[in-house]
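Working notes, beginning with the structure itself.
The values are calculated or read from the model by the stated rules, or taken from the named source; none is laboratory data. Everything quoted here is computed from the prediction, not taken from an experiment. Here the Cβ positions follow ideal geometry from the backbone for every residue, glycine too, while neighbour counts run over all protein chains shown. The protein model used for the area step is the full one, side chains on, heavy atoms only, and it has no ligands, DNA or RNA in it. Shrake-Rupley method; radii C 1.70, N 1.55, O 1.52, S 1.80 Å.
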Amino acid sequence: MVLPIIKYGHPVLRKKGERIENITPEIKKLIADMFETMEENHGVGLAAQQVGVAKQLTVIDVRGVTDRPSTLEFNGQLADLAENMPLVLINPEVTPVGEPVSGGEGCLSFPEVYAEITRPGAVDVQALNERGQPMAFRCTGLLARAVQHETDHLNGILFIDRMDKKVKAELQPDLDELQAATKEELKKAK
Ligand code: ZN
């Protein structure tokens, strides 16, 4: 089922996700729905907060982007990217290992907002997969960026928090407008 995407201004986007201890049928359904929702919206990643659930769960799929390369390594061995997509990360822990690099980012919760964001170019990731099994990998490029962007969501951090101050100031009127529209929607729904 395709779920509605929560937009900036909704308080759930600022909530830290609860850790997931068991892969219950509800979690399995949520993962399936998040895959569908990500695909429908042509997203590279989607965090549970973006469908209104404050849990440590994100899905990622960078296959659709061909002009921004990524690498993925398990135990120091390069792995086939496409074979390992989509990724499900539960309770992810991310450790930066690369130098900071700048790259363009958008977010499904911020329609039509794009900005250059500086983040470490490579990260080590430890998480549980969709079966609740521990997994560890190193990634670079767009995948490293997506992992960091989504893990931020799980901790209530948004890409606007990582923007250069000047860039954010320029976008502020658009951000204020989006926030106000979301709050208006929330009021109506009550
Ligand atoms: Zn996002």
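Points worth noting:
- Selection of the range 25-63 for residues being more than 12 Å from the ligand (Cβ to nearest atom), out of contact with any helix residue (DSSP H, G or I) (no Cβ under 9 Å at 6 or more places or on another chain) and outside any helix (DSSP H, G or I) yields only HIS42.
- Only listed residue being in contact (Cβ under 8 Å) with a residue 40 or more places away in the chain, farther than 16 Å from VAL44 by Cβ and open to solvent by less than 70 Å² (accessible area, probe 1.4 Å), chosen from LEU142, LEU108, LEU128: LEU128
- One residue from ALA47, ALA79 being within 13 Å of the chain's Cα centre (by Cα) and open to solvent by less than 50 Å² (accessible area, probe 1.4 Å): ALA47
- Scanning the range 79-107 for residues that are in a strand (DSSP E or B), away from the ligand (no atom under 16 Å from the Cβ) and in contact with a strand residue (DSSP E or B) (Cβ under 6 Å, 6 or more places away or on another chain) returns VAL88, ILE90, ASN91, GLU93, THR95, PRO96, PRO100, SER102.
- Checking each residue of the range 111-118 against the condition of being in contact (Cβ under 8 Å) with a residue 60 or more places away in the chain, within 16 Å of ALA79 (Cβ to Cβ), within 16 Å of the ligand (Cβ to nearest atom) and not basic (Lys, Arg) gives no match.
- In the range 53-61 there is no residue matching the filter, namely being at pLDDT below 95 and open to solvent by 40 Å² or more (accessible area, probe 1.4 Å).
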